[in-house]
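S.K.: Before we start, here is the structure in question, set down as structure tokens.
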Amino acid sequence: MTTRLFGGGRLPRRRPSRRHLVRIATVGLALATVGLLAGTANAEPTHHQWPTHGEPTLGANVTVFDPGMPVDEIQATLDAAYAEQVDNEMGTQRYAFLFKPGTYGTDEHPLQVKVGYYTEISGLGAEPTDVVINGKVEVYNRCLEDNGTSNCLALVNFWRTVSNLSIHINGAGQDGCRAGANFWAVSQAVSVRRLNVSGGTFSLMDYCTAGPQYASGGFIADSNLPDVVNGSQQQWLTRNSKVAGWSNAVWNQVFAGVQGAPDDADFPDPPYTTLDATPVSREKPYLFVDGHGKYQVRVPSAHRNTSGTSWADDTTQGRTLPLSSFFVAKPSDSVRKINLALALGKNLLLTPGVYDIDRSIDVRRPNTVVLGIGHATLTAVNGATPLAVADVPGAVIAGVTIDAGTKKSDTLLRVGREHGYHGWPLSTPSNPTTLSDVYFRVGGPHVGKTETALEVNSDNVLIDHTWVWRADHGVENFTDTQRWNTNIGRYGAVINGDNVTATGLFVEHFQRYNTVWNGDKGTTVLYQNELPYDPPTQADWQHGDVQGYAGYKVGDKVRKHDLYGGGVYVFNQNNPDIHTDNGFEVPQRPGVQLHHIMTVNLSAGTIDHVVNGVGGPADNSNTGQPVFVNQYPSP
């Protein structure tokens with residue numbers, strides 16, 4: 001296996017604002033393609049190569065460590081990757097660093113892991129306790145001015161992953177401020193799963209660097225944590241976990257099935273939203289090495305009304321698939337080759353890199369697993385929909401980023417055909433199609449265009465952590481008016497299926513409704529939205545007599561819907577005089593319930609009401625001060 005690092009990207013010189021996204025083949029065809037599926041693609045250009053120690057082929061830019069390797073060697077490898085990735089926000093490099101069972105680092109010589117963009121740090125144990133990092137796994141603020149000494153914040157610390165390991169916090173050799181805490185200063189599209197942390201504090205704020213130290217959003221699931229310092233985090237979802245304590249809250253902190261979570265009886269002071277159990281949950285699939293040294297993928301099963309970690313008492317419930325049941329794809333593999341493998345019954349493992357997708361990757365079989373590692377990224381080419389999932393039960397899409405291309409796509413990910421189509425077989429509540437850590441970008445690294453980023457037509461779908469992002473900044477260096485007319489993203493998430501649940505739905509900056517929920521009996525646990533920065537005029541941000549588009553729209557025909565913990569923010573920096581009538585729009589029915597929602601002005605623009613003419617305004621008279629509605633409709 002080859003591990004490669006390519007040349008680093010360049011951070012655009014700009015000061016961020018508040019935040020700165022098959023039919024089955026015939027036997028003859030199958031036989032004819034055996035050679036194709038077994039073929040070897042040409043290797044990509046290499047700038048660096050690091051040792052990989054005889055591991056199976058998991059793709060370029062994957063490194064597997066074992067506990068017998070010298071700590072200095074592991075540290076040097078990780079430091080080199082971090083040096084390339086710490087500022088590489090819009091780059092094309094992708095990395096996964098995987099740790100075999102064992103302990104890494106000693107009390108005197110801890111392993112200090114710093115995680116940059118598009119980097120995954122994961123253990124290969126069957127349980128999180130099988131891999132122990134004696135040291136830290138951290139993300140710090142980025143200091144964007146004065147040669148990296150001021151304007152330090154985490155608002156653009158996106159796209160990184162840590163999972164399936166234990167951290168025994170050891171700050172030996174670090175300065176006094178950093179010594180006692182593991183810092184995880186991040187914002188959207190950053191995932192913490194199956195983590196077991198001990199020996200200090202887990203801080204979601206990097207308070208050791210110069211201010212303002214802002215941070216904006218994140219996600220923890222299936223983890224056992226010590227005291228957590230939330231600090232400056234504006235919104236956060238913690239799900240199916242255990243915490244020793246939680247301090248500080250800003251605007252929108254949500255807990256679902258978390259043992260030790262703070263009480264929410266005094267909402268909005270502090271602004272906690274706490275559900276004793278998660279309505280629907282399914283943990284993300286993960287790679288592990290079994291007792292015979294064979295690579296396997298564990299696919300957890302779905303559950304209802306659960307709390308605590310899935311691994312507290314026994315192995316996470318689910319099924320185990322051998323790595324041999326996966327087609328291990330490389331960025332150089334064609335969609336035709338990938339689809340042939342899927343049609344022949346393979347699952348799909350997407351290794352790190354950027355894949356140009358000129359027609360849909362078709363997931364048509366029940367229970368198919370598509371697992372990306374190292375932030376594998378699918379980029380639409382010629383207006384394609386990069387990923388299409390049929391109306392089947394149990395498909396799992398996890399760890400994949402999907403980018404719009406320069407030619408407009410109808411959608412970037414479509415789950416199911418038009419709503420109401422009932423092909424074979426139907427989706428089922430007990431085995432929902434699941435999207436875990438699936439991220440979308442319209443613009444940013446390049447121009448992007450799509451009508452809708454995520455479209456869910458199937459019933460019984462679980463969306464477990466997504467960031468659907470129309471870029472508010474990127475390498476294009478556009479003016480805001482140019483971006484409005486060039487980076488086209490009309491709708492972020494459109495949910496047409498019934499019985500759809502979203503845990504951690506982050507959708508931002510789209511040009512009409514950011515989220516439209518037309519399906520009945522839907523549930524969202526934490527919704528975070530920021531309206532677009534860049535409408536040039538009110539006429540560009542208006543439909544009929546209605547000023548603007550709500551950040552969260554529940555369809556007029558919906559009879560039952562629940563939202564727990566929602567926020568819509570406004571920062572109309574291109575034209576601060578623009579108004580949005582409502583942050584949320586919903587039908588006025590007893591079965592449609594919004595719990596703990598808010599709007600906030602970030603210094604430009606106005607949201608006149610929180611929901612349906614109730615609450616508000618959020619404007620320049622109360623910049624940075626949320627306007628809360630505890631319950632809608634009121635009891």
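S.K.: Given the conditions (1) in a loop (DSSP other than H, G, I, E, B); (2) closer than 16 Å to residue 496 by Cβ; (3) under 19 Å from the mean Cα position of the chain (by Cα), report the number of the one that residue 414 does not fulfil.
M.R.: (1)
S.K.: Taking the conditions exactly as written (at pLDDT 95 or above, assigned by TED's automatic domain parsing to the domain that holds residue 90 and buried (at least 23 other Cβ atoms within 10 Å of the Cβ)), does residue 164 satisfy them or not?
M.R.: Yes: the conditions hold for residue 164.
S.K.: In the stretch 503-518, what residues are surrounded by fewer than 24 Cβ atoms within 10 Å (Cβ to Cβ) and not in a strand (DSSP E or B)?
M.R.: Answer for the stretch 503-518, where residues must be surrounded by fewer than 24 Cβ atoms within 10 Å (Cβ to Cβ) and not in a strand (DSSP E or B): 511, 512, 513, 518.
S.K.: I'd like to check something: does the stretch 538-547 contain any residue that is over 25 Å from the mean Cα position of the chain (by Cα) and of a type in the set (Gly, Ala, Ser)?
M.R.: Scanning the stretch 538-547, I find at least one residue that is over 25 Å from the mean Cα position of the chain (by Cα) and of a type in the set (Gly, Ala, Ser), so the answer is yes.
S.K.: Let me confirm something: among 157, 182, 141, which residue is buried (at least 22 other Cβ atoms within 10 Å of the Cβ), closer than 21 Å to residue 127 by Cβ and either touching a Pro at 6+ places or on another chain (Cβ under 7 Å) or not small (Gly, Ala, Ser) (or both)?
M.R.: 182
S.K.: Continuing with this model, one more query. Out of (1) buried (at least 24 other Cβ atoms within 10 Å of the Cβ); (2) on the phi < 0 side of the Ramachandran plot; (3) not polar (S, T, N, Q), what's the single condition that is false for residue 490?
M.R.: The failed condition is (1).
S.K.: Sticking with this structure for a sec: Identify, please: which residue in the stretch 135-175 is part of a strand (DSSP E or B) and among the charged types (D, E, K, R) and is, among those, farthest from residue 508 (Cα to Cα)?
M.R.: Within the stretch 135-175, the match that is farthest from residue 508 (Cα to Cα) is 136.
S.K.: Please work out which one of (1) assigned to a strand (DSSP E or B); (2) of a type in the set (A, V, I, L, M, F, W, C); (3) within 19 Å of the chain's Cα centre (by Cα) is the condition residue 197 fails and give its number.
M.R.: So residue 197 meets the others, but not (3).
S.K.: Look at the stretch 247-261 and say how many of its residues are at negative phi and either in a strand (DSSP E or B) or buried (at least 24 other Cβ atoms within 10 Å of the Cβ) (or both).
M.R.: 8
S.K.: For residue 300, work out the one condition from (1) over 20 Å from the mean Cα position of the chain (by Cα); (2) within 23 Å of residue 191 (Cα to Cα); (3) surrounded by 19 or more Cβ atoms within 10 Å (Cβ to Cβ); (4) not assigned by TED's automatic domain parsing to the domain that holds residue 438 it doesn't fulfil.
M.R.: Single failed check for residue 300: (1).
S.K.: Could you check, for the stretch 619-633, whether at least one of its residues is closer than 21 Å to residue 535 by Cα and either buried (at least 24 other Cβ atoms within 10 Å of the Cβ) or in the same structural domain as residue 536 (by TED's automatic domain parsing) (or both)?
M.R.: Checking the stretch 619-633: not a single residue is closer than 21 Å to residue 535 by Cα and either buried (at least 24 other Cβ atoms within 10 Å of the Cβ) or in the same structural domain as residue 536 (by TED's automatic domain parsing) (or both).
S.K.: Looking for whichever is within 27 Å of the chain's Cα centre (by Cα) and under 21 Å from residue 234 (Cα atoms) here; the options are 617, 626. Which one fits?
M.R.: 626
The values are calculated or read from the model by the stated rules, or taken from the named source; none is laboratory data. Quick caveat: nothing in here was measured; it's all calculated off a predicted structure. Counting neighbours? That spans all protein chains shown, and the Cβs are built from the backbone with ideal geometry, glycine included.
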